[in-house]
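The values are calculated or read from the model by the stated rules, or taken from the named source; none is laboratory data. Quick caveat: nothing in here was measured; it's all calculated off a predicted structure. Backbone-built Cβ (ideal geometry, glycine too); neighbour counts: all protein chains shown. For accessibility, only protein heavy atoms count, side chains too; no ligands or nucleic acids. Shrake-Rupley method; radii C 1.70, N 1.55, O 1.52, S 1.80 Å.
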Amino acid sequence: MFTADAGPGRNRINGAAVEGAIELLKGLAVTKSSMYLLAASAALALAVVGCDAGSTPDAPKDGAKAKAARWSEPDRYSFRLLSESGERGGLGKYRITVGRGKVIKAIGLDEPARRTVEENPQDVPTLGSLLNDVQKARAGQADVAEAVFAADGHPTEIHIDWLANAIDDEADYLITEYRELP
């Protein structure tokens with residue numbers, strides 16, 4: 001499972017949004033010894049995550065997020081998309097070609113995707129529309145709204161989950177075989 005960076009509204013105490021671990025801890029009834037235990041657990045978790053992050057070859061580099069802000073959708077490109085999670089339309093595996101910001105060719109590579117292409121072709125996304133969905137989710141205070149980017153700036157993963165505790169409202173996308181076309 002992927003997690004988004006903590007942002008405003010990620011931590012809540014009695015329904016009120018708080019920012020940062022200190023504000024979160026102020027709202028909790030904890031003893032001094034449990035505070036030390038919590039701090040030690042957090043440090044251990046950060047150490048484990050820090051050690052593990054460098055070992056995965058697909059982990060985004062610091063520059064990847066910065067490049068994403070500068071990435072603009074090219075005039076023509078193609079990519080393979082795996083759309084999964086949640087109860088929604090558009091699930092499945094696709095090969096998509098985009099021209100001037102619109103899907104010009106979509107091939108469903110499995111049964112759910114073939115049905116979408118045949119019955120609801122408007123549900124086949126471009127990378128630009130997926131990134132717009134992430135921005136809308138962030139503006140709408142979704143619990144998870146993140147994109148992971150390749151070194152050249154195009155998105156490779158997109159994850160949206162409006163309510164972390166709700167069932168079937170998430171959307172996960174894996175983008176592979178991205179190519180700019182002439």
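Observations on the structure shown:
- Across the stretch 89-105, the qualifying residues are those that are assigned to a strand (DSSP E or B) and more than 15 Å from residue 176 (Cα to Cα), and the one among them that is most open to solvent (accessible area, probe 1.4 Å) is 102.
- Filtered residue count, the stretch 147-160, keeping only those that are modelled with pLDDT under 95 and of a type in the set (D, E, K, R): 1
- Positions within the stretch 153-165 being touching an Asp or Glu at 6+ places or on another chain (Cβ under 9 Å) and either farther than 19 Å from residue 78 by Cβ or outside any strand (DSSP E or B) (or both), in sequence order: 154, 159, 160, 161, 162, 163, 164, 165
- Restricting attention to the stretch 128-151, the residues being assigned to a helix (DSSP H, G or I) and touching an Asp or Glu at 6+ places or on another chain (Cβ under 6 Å) number 1.
- Taking the stretch 150-182 as the range and being hydrophobic (A, V, I, L, M, F, W, C) and either open to solvent by 30 Å² or more (accessible area, probe 1.4 Å) or out of contact with any Phe, Trp or Tyr (no Cβ under 8 Å at 6 or more places or on another chain) (or both) as the test, the residues that pass are 151, 160, 162, 163, 164, 166, 167, 171, 174, 181.
- Residue in the stretch 106-129 that is of a type in the set (A, V, I, L, M), within 17 Å of residue 76 (Cβ to Cβ) and either open to solvent by 40 Å² or more (accessible area, probe 1.4 Å) or out of contact with any strand residue (DSSP E or B) (no Cβ under 8 Å at 6 or more places or on another chain) (or both) present: yes
- Any hit, the stretch 133-142, residues being of a type in the set (A, V, I, L, M, F, W, C) and in contact with a helix residue (DSSP H, G or I) (Cβ under 8 Å, 6 or more places away or on another chain): no
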